[in-house]
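Undergrad: The structure under discussion is supplied below as structure tokens; questions concerning it will follow.
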Amino acid sequence: MVRLVNRLRGRGRPGGLRYGANLLGQAAGRGVYLAAGFAAFVMVGHGVGPEALGRYGLALAVLAVALIAADFGTTLTFGSRLGAGAPEMRAVEFGRMISARLILGLVTGVALLCALPLLPVEIRPALALAALLMPLAAARFLDSLFQVCGRPGWSVWPSLANAATLVGGTALALWLQMPEAALSVVAVASGIVYGLVGLILAARLVPLRPASLSHGWATIRAAAGVGISNALGSLNGRISLIMLAALAGAAELGQFTAGFRFFELGAAVAITLCAPLVPVFGRAVGTLDPARPRAGTDRLRASVRPALTLILAASGAGTVAACAVAEPLVRLVFGPDFSAAAPVLRIAAAMSALLIAATVLFAGLVPLGRTGFAVRGSAAACAVNLAACAVLIPWDPLLGAAWAALLAEVAMLAVVAHAFWREAGAPLGLADAPTVLGPGLVTALVWVAGPAALAPVTVPVAAGLAALVAAWLCLRRRAPADPLPLPLSIPEASS
């Protein structure tokens, strides 16, 4: 993994931030976070049934949109600046980030309070709590700081606090048969605990001093392109659920929420895989020179290509495996009452693969400062999603909503891929096709040719083995010479 992304040529020659170590550190924390969220979701589904699960999922969807708005792209730009800047600038950047998040949290909280009358009464208390404490609920931007300060493993502690609060609180609420509103309150409270623990740890690395309001606004303006894009992208990922809630019943909403939860897991996997790449790509590009706007693109492509190849190969095999095990997986996780969610899960798996590809390319464009395209792309995806939902949901509520969401992801990936090609060149070549497509094709062959009764076992095993082979092929590929040496010291390279 070091040779794969760091572009180390020979021993002892640092070429970038260590993606492998940082990925493991952040993945541990995010894995705990995801596992807790999924466990709580399953507990709610088993405990209260499809209709209440639908409202719980709607609360999580609205909260997710609010959190993205409170982030407004600042996490990505914060990580990029930390990766490209000198160590003595970390406290300055962190102070500006704190000010920006306080401003964004206040604005988002007021907007969420104004939207409460439009939402079901069962989820209003939780969302009111989130609105009042939005800066804490949205304080999930610290992974990059832990990474560049050489403490990527610290990402696990806020996640453990979140997991204990979420799983323990949900189990207690179900055991005591508390009102349905308590379930979503627990979900919001666990996010606030995550933010508190994360900020306490961050204060041990850099001073916890907000910058001036003018610096906060400057940070927000610098992230505006990414922020509007992320807000529209988050809304796009939940348009199908919101339209289904408006055009269908609570039971259909619960079935869709159960199947679509796997796409949200895929989206979280995309973030886990790609968040450590932002500082890596930022280091590859270096400081932007206005006189040479295309400087650093060769090094950027050299970093993006192996990462994208390996991630696409693994996600393709995983998508096929998810399609093969969809029906038994839904029955196992949510019970027989949610069998209609299996087709939604299959479509959600394909959406996850598309999202992962788009996220890698987007992470490569952030250090170049080329993010304005994302607003148009996200807006186009939202328009496609809305139009497709209006046509397809009356035809078939569950499949219609899922297909509409898939079409929107296709539109978004097309826009991001075109933008990357225009700014930095083709991210992949024809020589990468066997490595990218091979694991998925092998997994599909095992699914089609093997015994159907054994598919839930043989297909995931084949997917894992095929992805490992693809990783081995990437690792043994000779690293090309860097166009320019990266001015990186040994301690910085090990962060």
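The values are calculated or read from the model by the stated rules, or taken from the named source; none is laboratory data. Predicted model only: the values in this text are computed from it and were never measured. Counting neighbours? That spans all protein chains shown, and the Cβs are built from the backbone with ideal geometry, glycine included. Ligands, DNA and RNA are excluded from the accessible area calculation, which covers all protein heavy atoms including side chains. Shrake-Rupley method; radii C 1.70, N 1.55, O 1.52, S 1.80 Å.
Undergrad: Sticking with the crude label model, points 7 Å out along Cα→Cβ, report the distance from Arg221 to Leu208 in nm, one decimal please.
TA: Spacing of the two 7 Å Cα→Cβ label points: 3.0 nm.
Undergrad: Then there is this: Could you state how much accessible area His418 has, in square angstrom rounded to the nearest 10, with a 1.4 Å probe and all protein chains kept in place?
TA: 100
Undergrad: Right, another one. Pop a pseudo-label 7 angstrom from the Cα along the beta-carbon direction at both His46 and Val391 and give the gap in nm to one decimal.
TA: About 4.1 nm, to one decimal.
Undergrad: Let me ask you something else. Residues with beta-carbon under 13 Å from that of Ala52, excluding Ala52: net charge, scoring Lys, Arg +1 and Asp, Glu -1?
TA: Every neighbour counted, the sum reads -3.
Undergrad: To the nearest 20 debye, what is the magnitude of the charge dipole of segment 32-148 about its Cα centre, counting +1 on the Cβ of each Lys and Arg and -1 on the Cβ of each Asp and Glu?
TA: 140
Undergrad: Related question: In segment 345-472, what percent of the accessible surface is made up of carbon and sulfur (1.4 Å probe, ligands and nucleic acids excluded)?
TA: That fraction is 81 percent.
Undergrad: Okay, moving on. What's the local net charge at Ala64, with K and R +1, D and E -1, over the other residues with C-beta under 14 Å away?
TA: Local net charge: +1.
Undergrad: Separation of segment 30-76 and segment 433-448 by C-alpha centroid, Å?
TA: Cα centres, segment 30-76 to segment 433-448: 32 Å.
Undergrad: While we're on this one: Where only protein heavy atoms count, and the probe is 1.4 Å, what is the accessible area per residue for segment 95-146 in Å²?
TA: 38
Undergrad: When every alpha-carbon pair in segment 341-427 is counted, what percent end up more than 14 Å apart? Intermediate values should be presented prior to the final figure.
TA: Numbers: 2406 of 3741 pairs.
Roughly 64 percent, once rounded to a whole number.
Undergrad: Based on the Cβ-Cβ distance from Ala431 to Leu116, what FRET efficiency comes out when R0 is 60 Å, to the nearest 0.05?
TA: Efficiency for this residue pair is about 0.65.
Undergrad: Between Arg151 and Leu399, what is the label-to-label distance in nm when each label sits 7 Å out along the Cα-to-Cβ direction?
TA: Computed distance between label sites Arg151 and Leu399 equals 5.2 nm.
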